[in-house]
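Report on one structure; see the data block that follows.
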Amino acid sequence: MRIQCFLQNLLIFLSIYFHSGASSSPSKTLLQPSDAAALLAFKSKADLNNKLGFSPKTSFAFCKWNGVQCTDSRAVRVIIEGMKLGGTFAPNSLSSLAELRVLSLQNNSLTGPIPDLAGLVNLKSLFLSHNYFSGFIPPSISTLHRLKTLDLSYNMFNGAVPVFLNNLERLYYLRLDYNRFNGSVPPLNQSTLQIFNVSHNDLNGAIPVTPTLSRFKASSFSLNPRLCGEIIHTECRPIIPFFGSNPSPQPAAAALSQTAQYHGDGVALAQQNKDTQKRKKTAFIIGFSSGIFILLMSSICLIFTVKKLRQASKIEGSKSMGLDSSVTGNVEAVIRIEEENNELEEKVKRVQQGMQMQMVRKSGSLSFCAGESQVYSMDQLMTASAQLLGRGSMGTTYKAVLDSHLIVTVKRLDAGRLRGASQEVFEGHMESVGGLRHPNLVPLRAYFQGKEERLLVYDYQPNGSLSSLIHGSKSSRAKPLHWTSCLKIAEDVAQGLSYIHQAWRLVHGNLKSSNVLLGTDFEACLTDYCLIALASPAMEDDPDSTSYKAPELRKFNHREATSKSDVYSFGVLLLELLSGKHPSQHPYLTPDDMTKWMKSSRDEDGQEDNRMEMLLDVAMACSVTSPEQRPTMWEVLKMIQEIKEAVIVEDNEFDPSSGTS
């Protein structure tokens, strides 16, 4: 009997020993079940498609799970990369692994915020790049004092880059690029930091000149158009607008009294009489070529330098009886250069005058789109009174009042955004876009193409943008639109997008609330459509556009926009309509929680809540992560029209005057 008991106990011992690994302590395996539980808790929320082989049945051997490495039966490395995980990083899961040194979840499709990681007291490396994480960097990161590597790149994080990152005194590697961070760059000053990148965000202001940040090249800060400072060689000053001397939008009354004139270097002339305008219009219509301009400026700078040297030499001569021969030789050389540059300056002026005449002959005139009558000329457009309306991802937009009192919108395309578009490609594309005619598209009437200038002329829409309607002005805060207005606007936008996708096989590519204008009857009309096809592949995002961009475009920056990425942008726009909040303020929530959040931002009765939820369902269907799971724009339009029809029937049923019971 004693032998039988002994053999049973021996078998139990050997089973535990071999399942946990020969080098592991059986007592520690029995005493530390929390690591296996933490991994299973992570899988339950992150592994929705059951890609991981973690199972409660094999939890006694969790150290043998794929991606898990242990020391003394404690998980010290969890490396789960490229496994197509599509859920969330659950709180109180992996953050319970107190002995963890390395955590890598990169190249998956995880969404939502990062949970509190304060429990990872021994963590040295955290890789979460190439996912869809959102929200802020949690303050618990600052408590991970052993952390050396932090990679959060290629995600959807927003908010400020926290100053508390300075608390990570051992930090060697920090990548935050390709996210939605805003605000300023914190004054990081860890002597250990060797790899750093915050490019492709929405950061702004002057970069602090710290010994640490000064070590990095401008590329570490690129694609943040509002950053400036010594490190990136960009002066911190406002940009002078092309149309109008005031950089901020002016009231219409002021615009009518101000005459501005196009010219190549982007400066608007002060008011002058018509004769002066006609004399000088030629000189500024296209502008000097950049090479001659730089050469001319260099010559001027050299002349001033020579004058200073001459003055210095005279002062030195008055102090002594003679000049050192080397100094005399240097000054004579500079004077000789000055005389040569005076000659060069005269040549430049002659070339410049010849170029002006040549460019005027070659600049041509406005090209009116198919079927459009030429109701105004380039001369009239150039001398129009103008008001700056705004700057976007493709250029700057102005309201122009012609002599005939006709009002048009002129978009001056940014040449830097069109590097890949030749003159032939531009002309062919604009002919196609100019042929689009739909009640919910702002019609493109004409375009102009010079050597260094490209202008688009649209109908002027008098009631502003949808963005202004939703969010109000700086001085007044708008309330969320009534759901009937949301339904009407959603249908208008869907009509316009569906027309572009179906009839012409094109894509909008830059849908956002500021690119939806309100017509004379407050119909919603799309603008800036189909221009993304002309953009340079390396074009940085306009900060206002980032929140509308589909995840697949954010993850693979050079991927072209598609009809499904337009559908995603429409879903984001619809959420903006319903909530009254900018997309950057939208939290990552489940559909049920999103409904509660949406209701908390509105003041509707029960019936209106139900109708709003129908539109919310459409928005959520459009904004799913996977492009394949999104409906087509035509299907979206049908959903909205079905909601509209259902509401009409419902209203008739409850309206006594309708005659229905």
Q. Would you pick out the residues in region 149-197 that are assigned to a loop (DSSP other than H, G, I, E, B), in contact with a Lys or Arg (Cβ under 9 Å, 6 or more places away or on another chain) and surrounded by fewer than 17 Cβ atoms within 10 Å (Cβ to Cβ)?
A. 170, 192, 194
Q.
With the requirement that a residue be in contact (Cβ under 8 Å) with a residue 24 or more places away in the chain and surrounded by fewer than 18 Cβ atoms within 10 Å (Cβ to Cβ), what does region 375-402 give you?
A. 375, 379, 380, 390, 402
Q: Might you check whether a residue that is part of a loop (DSSP other than H, G, I, E, B) and either in contact with a Pro (Cβ under 8 Å, 6 or more places away or on another chain) or closer than 21 Å to residue 399 by Cα (or both) occurs anywhere in region 478-496?
A: no
(Q) Going by what's in this entry, would residue 402 be described as closer than 18 Å to residue 529 by Cα and in the same structural domain as residue 453 (by TED's automatic domain parsing)? (A) no
Q | Selected residue [out of contact with any Ser or Thr (no Cβ under 6 Å at 6 or more places or on another chain) and among the hydrophobic types (A, V, I, L, M, F, W, C)] from 117, 168 | A | 168
(Q) Residues that are modelled with pLDDT under 90, among the small types (Gly, Ala, Ser) and closer than 21 Å to residue 153 by Cα: does region 96-108 have at least one? (A) no
Q) Can you name every residue in region 106-120 that is assigned to a loop (DSSP other than H, G, I, E, B) and under 20 Å from residue 47 (Cα atoms)? A) 106, 107, 108, 109, 110, 113, 114, 115, 116, 117
Q) Residue check: is residue 73 surrounded by 17 or more Cβ atoms within 10 Å (Cβ to Cβ), in contact with a Ser or Thr (Cβ under 6 Å, 6 or more places away or on another chain), in the same structural domain as residue 123 (by TED's automatic domain parsing) and touching a residue at least 40 places away in the same chain (Cβ under 8 Å)? A) yes
Q: Name every residue in region 378-409 that is within 31 Å of the chain's Cα centre (by Cα), of a type in the set (Ser, Thr, Tyr) and not in a loop (DSSP other than H, G, I, E, B), in order of residue number.
A: 396, 397, 398, 409
Q.
Testing residue 160 on (1) under 27 Å from the mean Cα position of the chain (by Cα); (2) among the hydrophobic types (A, V, I, L, M, F, W, C); (3) under 25 Å from residue 45 (Cβ atoms), one condition comes back false. Which one is that?
A. (3)
Q | Residues of region 422-447 that turn out to be assigned to a loop (DSSP other than H, G, I, E, B) and either hydroxyl-bearing (Ser, Thr, Tyr) or farther than 21 Å from residue 511 by Cα (or both), as a count | A | 1
Q: Count, please, the residues in region 448-474 that happen to be aromatic (Phe, Trp, Tyr) and in a strand (DSSP E or B).
A: 2
Q: Being of a type in the set (Ser, Thr, Tyr) and either in a helix (DSSP H, G or I) or at pLDDT below 80 (or both) is the filter here, so list the residues in region 617-661 that pass it.
A: 657, 658, 660, 661
Q. Taking region 151-187, which residues are hydroxyl-bearing (Ser, Thr, Tyr) and either within 23 Å of residue 225 (Cα to Cα) or outside the structural domain of residue 207 (by TED's automatic domain parsing) (or both)?
A. 153, 154, 178, 184
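The values are calculated or read from the model by the stated rules, or taken from the named source; none is laboratory data. Keep in mind it's a predicted model, so treat the numbers as computed, not measured. Cβ coordinates were reconstructed from backbone atoms using ideal geometry, including for glycine residues, and neighbour counts include every protein chain displayed.
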